[in-house]
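What follows is calculated from the coordinates using simple rules that are stated; it is not laboratory data. Computed from a prediction, not measured in an experiment: that's the story for all the values here. Note that we place each Cβ from the backbone using ideal geometry, even for glycine, and neighbour counts take in every protein chain shown.
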Amino acid sequence: MEKDKAVSFAILSAVFSSLAIVIVSVGAHSGINPILFTALSGIIGSVFLLVLMKMGRERLTLAKIRRNWHDILGSLAFRGLLGTSILYVGLGITTGIEAIFFTKMEPYFVMFLDWITGKVKIRRYHVALLSIHLAGVFLLATGGSFSLSHLEFGDLLIIFAVFCFAVSYRYGKRMSRNIGPKGSVVLTNGLGSIILLPIGLLISGVISHGLGSTAWLFIITNAALSYVLSITLWFASLKETRGWIVSALRAVGPVAIAPVAFLFFGQTLGAGQIVGAGIIVVTAFLIAREHV
C-alpha cells in the first residue's frame, strides 16, 4: 500500500511540476529575471512548509541536520542551486517546444548513474520500456518534427539541469527517509533560494524599481505548485519507489495538463501528439507496475 501511495505521489508531483513549468516559462518570457524568480519562489514555498511542519508531526532538528549533512550538501548543490537555477535560465531563453522533451530525459540519467555506481542491475525490459516511453514524450513534445541542428543554447542548459537533477536522486532518497519530505525541501530548495537571492537581486535591478503585482502573482503561484506541492511529493515518493521509476512517471505531467493548455492558451494536440500521449499513459502504467 505504501508503494502504491508513492507511485500516486510521483504522478501528482509530475502534474504540479508541469503546471509550474508553464508558470515559469510565461513569467520568464514576460521579463521576470529567472534567478530572482527561483529564489523568491523557493523562499516563499519554504516558509509555508515550515508553518505546515510546525502544525504537524514533522520536525527539523539540529541532530537530523548533523547526521545527514553530506546528503543535504549534495541535494542543495545539484537540485537547490545548479539544477533549479540552470533550468529556469534555460526556460527563459529557449523558444522550442522541444524543451519539454529534454526535461523528460531524466530517467535515463538516473538509471545510468545507478548502474555505474552498482546500485541497480539494469534489465533489458526496463531499457526497452523507457525507450518506448521516451518516444511517446518525443511525439507529445514535438509532434514528430525535430532537428538537432536547431538546438538552442537554452535547450543545452535544460539538458545539463536535468542531469544535475538526476544526480540529486541519490541524496534525495536518503533525505526523505531520514529527515522527511517537507524538511528536505526546506534544506534543499529553501537554503538554495536564500543563496541565490542576492545574485538575483543584483542582476535583475529589482532593488531600484521593484516587482509588479503580476510578477508577484507568478512567483507565489510557482511557490505553491513547485515547492509546496511538487517537490514535497517528489521527496515523499522517493521513500518507497526506485528513482528511475519516479523520474519516468513524471512524463505523465504534460499529458495531464493538456486540457489546461487548451483552456488558457488555446493550444491543441495534433495527431502525432495524441499518439504520444497515449504511449506515455500506457507505458507509465507498465512502469508503475515495476515498483513492486
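Remarks
- Legend: calculated FRET efficiency, Phe112 to Leu50, from the Cβ-Cβ distance at R0 = 35 Å, rounded to 0.05, equals 0.50.
- FRET efficiency estimate (nearest 0.05) - Cβ-Cβ, Ile93 to Ile220, R0 22 angstrom: 0.40
- Ranked by how many other beta carbons lie within 10 Å on average, peptides 83-92, 61-70, 15-24, 37-46 from highest: 37-46, 83-92, 15-24, 61-70
- Ala271 paired with Ile203, simple spin-label distance in nm, labels 7 Å along Cα-to-beta-carbon: 4.4 nm
- Out-of-range pairs (alpha-carbon distance over 18 Å; input Lys173/Lys239; Lys5/Lys54; Lys104/Lys239; Lys5/Lys173): Lys5/Lys54; Lys104/Lys239
- FRET efficiency, Val127 to Arg57 (Cβ-Cβ, R0 51 Å, nearest 0.05): 0.80
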